[in-house]
Structures are given as structure tokens and as C-alpha cells.
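This report concerns only the one structure given below.
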Amino acid sequence: MEHKVHSRTPEEKKQLQQRLRRVEGQVRGLQQMIEEDRYCIDILIQLSAVQNALKKTGYEILEDHTKGCVTNAVENGDGDAVMDELMQVIRQFSK
């Protein structure tokens, strides 16, 4: 299977990796909270924070894709297929 690529600057990569490492730490914290039999509401609040952090990261990538990849495809006459792909991922992402 061929994978499409999108080049990111070293700074963009660094920021995305930092965000995901933070989420990873939050998930480890959740695991520890379960192990420690923490109060359900505390766990739910932390779960919400993880979901929001992932959603925010996803929206940043989606914005980057729209402003970069989609715009370039439209300018090069490949807009229909890329727009269909974009709409499909927006529907999936908003579930």
C-alpha cells in the first residue's frame, strides 16, 4: 500500500511530538489512577482532558492538511478527489 506523505518542518514535528508525549503521559496517569482505585469523577475528568488534547491535535493536523495539501491539489486540478477525501475524514473525525 502506497502512503501519501506531507513534509512538516522540524518545528512542526517537534510541536506535534510534544503534544502526543503529553497525551501519552496523561494516559499513563489514567492507568495509575485506575491502579490506585481513584474516585470515578477524577478519572472521568482526566479522560476528558485526554480526549480534548487528542481532538485539538487532530484539528491542527486537519487545518494544516486543508491549508496545504487540499489547497495544492485544487490548484493542480485534483480538487474533486481530495475534497471527497477531506469530507470523509471530517465525518470520521467528528464522530
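Using a 10 angstrom Cβ neighbour count of at most 11 plus a DSSP loop assignment to flag exposed GluC sites (Glu not before Pro), which longest range of the chain is free of such sites?
Result for the longest clean stretch: 37-95.
Compute the separation of the alpha-carbon centres of segment 56-92 and segment 1-42 and state it in Å as a whole number.
Each part reduced to its Cα centre gives a spacing of 23 Å.
Just to check I understand the Karplus step: with θ = phi - 60° and J = 6.51 cos²θ - 1.76 cosθ + 1.60, what whole-Hz values come out for segment 24-41, glycine and proline as x?
4, x, 5, 5, 4, x, 4, 4, 5, 4, 5, 4, 8, 6, 5, 4, 3, 4
Would you mind giving the average projected area, over all directions, of the Cα convex hull of segment 1-52 in nm² with one decimal?
5.3
Kirkwood hydrodynamic radius for segment 10-93: how many Å is it when counted over pairs of different Cα atoms?
15.0
Name the long-range amide H neighbours of Arg38: under 5 Å, sequence gap of 5 or more, or other chain; modelled H, no Pro or chain starts.
Here the answer is none, since no amide H 5 or more places off falls under 5 Å of that of Arg38.
Only sites in a loop by DSSP and with at most 11 other Cβ atoms within 10 Å count here; which trypsin sites (Lys or Arg not before Pro) in segment 1-52 make the cut?
Passing sites in segment 1-52 are Lys4.
Bear in mind these aren't lab numbers, they're just calculated from the coordinates by the rules spelled out. Computed from a prediction, not measured in an experiment: that's the story for all the values here. Here the Cβ is made from the backbone with ideal geometry for all residues, glycine too, and neighbour counts use every protein chain on show.
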